[in-house]
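Structure record follows, encoded as structure tokens.
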Amino acid sequence: MEKDKNIAEEMQNEEAMEEVLPPVEFTEFAPPSYEQWKQEVVTALKGGSFEKSMFTKTYEDIILNPIYRLEDQTHITHNKTYPGMASNLRGANAGGYIHKVWTIVQECDGKTPEEANEMVKHELLKGTTAASFVLDTATRKGLDSDKAEAKEIADKGVSLGTLSDVEQLLADVDLEKFEINIYAGASNIAMLAAVATVFDKKKLPLDRLHGAITADPVGELLLDGELQRPLDEYYDEMAHSIAWAAQYAPGLKTVVVNTDVYHNGGANSIQEVAYAMNEAITYMRAMELRGIDVDTFCKHLRFHFSIGANFFMEIAKLRSLKMVWAQLVKNCGGSEEAQKINLYVSTSTFCQTKYDPYVNILRAATQSFSAVVGGMDGMYVKPFDHCIRPSDEFSRRIARNIQIMEQHEFNFIQPIDPAGGSWYLEPLTEEFTEKVWVNFQEIEAHGGLLKALESGKVQQAVKEILEERFNNLATRKDRAVGNNMYPNMTEKLLEIPEVDFHKIISERETALAVNRKVRDNTYVEAVLAELGKRDISTIGTLVVEAEKALRAGATLGEIASALTGNSKGEKVEAIAPHRWTERYEELRMRTEKFVADTGENVKIFLANMGPIPQHKARADFVTSFMQVAAFDVMTNNGFPTTEEAVQAALASGADVAIVCSTDATYPELAPAVTKGIKAVNPAMKVFLAGAPSAELKALCDAAGIDDYISVKSNCYETLLRMQKERGMLE
């Protein structure tokens with residue numbers, strides 16, 4: 001009772017206080033002007049340049065302001081629209097993900113039809129909402145396993161050759177309920193025919209087939225550097241695939257503009273979008289010449305983008321490209337429905353690392369969040385070990401659950417265009433779009449994308465950004481956790497399971513041999529010969545003719561070969577795939593191999609001078625610097641005298657001694673330590689931790705110091721030189 005009485009009294013007191021206290025207002029605080037804010041920042045910089053310190057230049061050549069205000073978007077008009085209206089900037093659907101939640105498209109990279117089938121059924125059971133398969137390089141190129149190089153068979157995904165393989169791949173997969181997602185390479189005629197035949201054999205209505213079985217001949221040209229047949233022939237096949245889908249499977253996408261070749265080549269986000277638009281327009285023009293109107297083309301077109309590490313830039317990218325595509329389609333005569341882009345994304349392979357690979361989970365989380373905020377229709381979150389080995393159940397589960405949590409636990413499906421109205425993102429999207437349009441027009445003025453590829457203009461532009469990325473990593477302007485910064489010296493690389501490729505190839509060749517033994521080879525040859533004439537007058541019937549060949553027992557590779565005949569395709573300079581940390585990974589792997597082979601390493605002795613507070617900051621810095629290449633760093637708690645430091649350095653047998661102390665003590669200590677070491681062992685290198693003043697550098701150079709390690713150093717080149725000096729490479 002007493003407790004209840006106290007509670008009642010407290011409540012009465014609170015009510016009384018509410019009556020006495022006036023409402024909180026902020027009118028007494030005058031809002032600072034931009035100039036007032038700037039002056040405070042200038043004061044805080046203590047003489048540092050406001051322009052150099054507070055503005056950030058991106059790879060897209062966009063200068064990010066230190067602060068964004070309401071007036072930064074007063075001139076922008078497109079953000080005054082609503083989702084599902086006008087430019088599609090704010091999304092094609094008024095209800096956002098509430099209207100239709102994005103598709104979870106976790107790709108399955110099993111190497112045999114049986115393995116891939118079990119994998120996809122498990123994924124669908126656990127929350128994936130699309131049956132997505134990765135083809136191996138041989139199948140993507142239209143080669144049966146007995147005609148392909150061994151390294152291209154079951155290398156990245158499933159090896160397919162016969163109709164039976166495709167039946168096994170799709171066994172017990174509910175393709176009426178779930179989307180299908182297969183990228184077939186430069187041509188999808190054989191794959192479309194195979195899936196359609198499986199549907200027919202299962203007695204399923206073909207108009208229930210939905211998702212994407214796509215081709216991207218220009219993307220393949222850039223990836224491989226050449227095509228097996230001319231682009232015009234691939235365009236013919238593209239027109240057939242669109243017309244066939246429009247008649248039989250209206251919910252199926254058959255063309256994809258896949259920007260991974262640019263993204264993995266190192267391109268910036270503006271290049272990705274501009275080149276994608278150029279490629280899509282190239283396809284649209286080719287289809288119009290073949291009787292496919294704009295609306296029909298757009299209905300069966302999908303775009304695919306990878307999402308990189310710059311969180312806000314990637315949001316701007318996705319918002320911008322929807323607006324740019326809508327404008328292009330509108331000006332080409334497309335309907336409002338055609339202006340709505342079909343956009344699928346994946347997290348970035350380029351940004352994944354082999355060292356400290358579990359950080360890839362965090363990277364995938366932020367990248368997928370960018371995609372959700374930016375707006376898309378489907379997403380593949382790559383497992384954290386994607387760049388290292390075939391994914392396992394654990395890595396696939398973590399990747400899959402990122403999306404499931406975003407949809408069901410984090411409730412990301414609720415906000416509609418959460419970036420809308422942002423004082424930062426709206427101006428960023430506007431500038432991004434303007435630069436995309438300029439880049440797009442430059443390629444058009446060059447004669448179109450193909451002319452730009454043939455001249456090497458696109459490849460050179462992408463290569464320049466790649467080198468800029470590598471240079472920023474080399475100087476540690478950009479930081480990759482666990483690679484060029486904060487290396488984990490106790491880490492062991494993930495184990496890569498042994499794959500019996502010999503057995504897989506043998507089984508694949510046996511399956512092809514059995515297929516050829518049980519079929520009527522004379523009839524198959526006749527059907528393939530007819531298919532090879534490529535004189536199908538009614539557009540869309542090429543897929544039907546390919547179905548006839550498959551039913552007769554022809555293989556996917558034989559259909560591709562029949563369509564190719566003796567023709568030869570275009571050749572251009574390929575854009576090779578890269579990852580941003582690959583050079584640092586090579587550094588560390590080279591050291592680890594050298595240690596394993598010889599038991600030796602580059603030994604670094606820290607000549608720490610004075611008590612711990614005097615040397616610790618620089619000692620920690622150079623330790624991390626040298627451990628990036630897995631060098632052996634010998635630490636200590638400091639030396640009170642230069643004589644003791646010199647004696648310990650010489651006794652260590654190190655290749656390099658690094659003097660660590662403060663700017664104030666360096667003039668006295670650094671030359672003395674250097675001279676003491678060089679007097680006894682001239683071959684031992686001596687470095688100074690820090691960037692010296694001109695006066696200090698003159699003293700140190702005179703004493704014989706070999707190098708200076710500071711935040712301005714090129715970490716990659718310094719470590720590479722040290723490896724060469726140690727005999728790790730020529």
*With the full set of protein chains in place, find how many percent of the accessible area of the chain is carbon and sulfur; take the probe as 1.4 Å.*
53
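Determine, for each peptide in 553-561, 24-32, 60-68, the mean count of other beta carbons within 10 angstrom over its residues, then list the peptides with the highest first. Write down the numbers at each step before the final one.
Numbers: 553-561: 24.6, 24-32: 6.9, 60-68: 14.9.
Per-residue mean Cβ counts within 10 Å order the peptides as 553-561, 60-68, 24-32.
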*Using DSSP to define loop residues, name the GluC sites (Glu not before Pro) in region 395-458 whose beta-carbon has at most 11 other beta-carbon atoms within 10 Å.*
409
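Using Cα-Cα distances under 8 Å and only pairs 6 or more residues apart, what relative contact order does the chain have, in percent? Don't jump to the answer; show the numbers that get you there.
Values: 1226 pairs, mean separation 102.4, N = 730.
Averaging sequence separation for qualifying contacts and normalising by length gives 14 percent for the chain.
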*How many Å² of accessible area per residue for region 213-290, probe 1.4 Å?*
22
*What whole-number value in Å² describes the accessible area per residue of region 124-185 for a 1.4 Å probe?*
36
*Approximate spin-label separation residue 551-residue 729, in nm, with each point projected 7 Å along Cα-to-Cβ*: 5.7
*Cα long-axis angle, helix 694-703 against the chain (0 to 90 degrees, to the nearest 10)*: 80
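Which FRET efficiency, nearest 0.05, do residue 232 and residue 45 yield, Cβ-Cβ r, R0 51 Å? Provide the component values of the computation, followed by the final result.
Values: r = 60 Å, r/R0 = 1.17.
In this case the efficiency is close to 0.30.
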*Report the chymotrypsin sites (Phe, Trp or Tyr not before Pro) located in region 347-425 that are in a DSSP loop and have at most 10 other Cβ atoms inside 10 Å of their Cβ, or state none.*
none
*FRET efficiency, residue 578 to residue 28 (Cβ-Cβ, R0 51 Å, nearest 0.05)*: 0.35
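If you stretched the chain out fully between residue 506 and residue 201, how much longer would it get, using 0.36 nm times the residue separation minus the C-alpha to C-alpha distance?
107.0 nm
Quick check for you: with a 1.4 Å probe and neighbouring chains kept, what is the accessible area per residue of region 340-483, in Å²?
Normalised by residue count, the accessible surface of region 340-483 is 39 Å².
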*Cα-only radius of gyration and Dmax that characterise region 521-671, units Å*: 33.6, 92
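Take the Cα radius of gyration of the chain and divide it by 2.2 N^0.38 Å, with N its residue count; two decimals is plenty.
For the chain, the normalised Cα radius of gyration comes out at 1.15.
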*How far apart, in nm, are two points set 7 Å out from the Cα along the Cα-to-Cβ line at residue 495 and at residue 694?*
6.0
*Cα-based Rg / Dmax (Å) for region 504-586*: 18.8, 56
*Output ³J(HN,Hα) for region 343-353: one whole-Hz value per residue in order, computed from phi by the Karplus curve 6.51 cos²θ - 1.76 cosθ + 1.60 with θ = phi - 60°, and x for Gly and Pro.*
10, 10, 9, 9, 5, 7, 6, 4, 8, 7, 10
*Work out how much length residue 612 to residue 100 would gain on full extension: take 0.36 nm times their residue separation and subtract the Cα-Cα distance, in nm to one decimal.*
178.4 nm
*Could you give the nm distance between label points at residue 52 and residue 714, where each point is 7 Å from its Cα heading toward the beta carbon?*
2.0
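Mind pulling up the Rg/Rh value for region 336-411? Radius of gyration and Kirkwood radius, both on Cα. Kindly include the intermediate steps, with their values, before the conclusion.
Numbers: Rg = 13.5 Å, Rh = 13.1 Å.
Radius of gyration relative to Kirkwood radius: 1.03.
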_Per-residue ³J(HN,Hα) for region 302-312, Karplus 6.51 cos²θ - 1.76 cosθ + 1.60, θ = phi - 60°, Hz, x for Gly and Pro_ = 10, 10, 10, 10, 8, 9, x, 8, 7, 3, 6
*asked:* Could you order the peptides 40-53, 711-724 from most to least packed, using the average number of other C-beta atoms within 10 Å per residue?
replied: 711-724, 40-53
*trypsin sites (Lys or Arg not before Pro) within region 165-231: which are DSSP loop residues with at most 15 other Cβ atoms inside 10 Å?*
177, 202, 203
*Answer rounded, prolate or oblate for region 298-386, using the Cα gyration tensor with square roots of eigenvalues a ≥ b ≥ c: rounded when a/c is under 1.5, else prolate when a/b is larger than b/c, else oblate.*
prolate
*Between residue 485 and residue 82, what FRET efficiency follows from the Cβ-Cβ distance if R0 is 45 Å, with the result rounded to 0.05?*
0.55
_Folded to 0 to 90 degrees: helix 393-408 orientation relative to the chain principal axis, Cα_ = 90
*Could you work out how far helix 269-289 tilts from the main Cα principal axis of the chain, as a 0 to 90 degree angle to the nearest 10?*
10
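Using only helices, what value at 222 nm comes out for the chain when you add -39,500 (n - 2.57) per DSSP H run of length 4 or more and divide by the total residues, to the nearest 500 deg cm²/dmol? Let's see the in-between values first.
On the way: 29 runs with 365 residues, N = 730.
Helix contribution divided over all residues of the chain: -15500 deg cm²/dmol.
The values are calculated or read from the model by the stated rules, or taken from the named source; none is laboratory data. No experiment lies behind these values; they were computed from the predicted model shown. Cβ sites come from the backbone with ideal geometry, for glycine too, and all protein chains shown count toward neighbours. These accessible areas exclude ligands, DNA and RNA; they are computed on the full protein's heavy atoms, side chains included. Shrake-Rupley method; radii C 1.70, N 1.55, O 1.52, S 1.80 Å.
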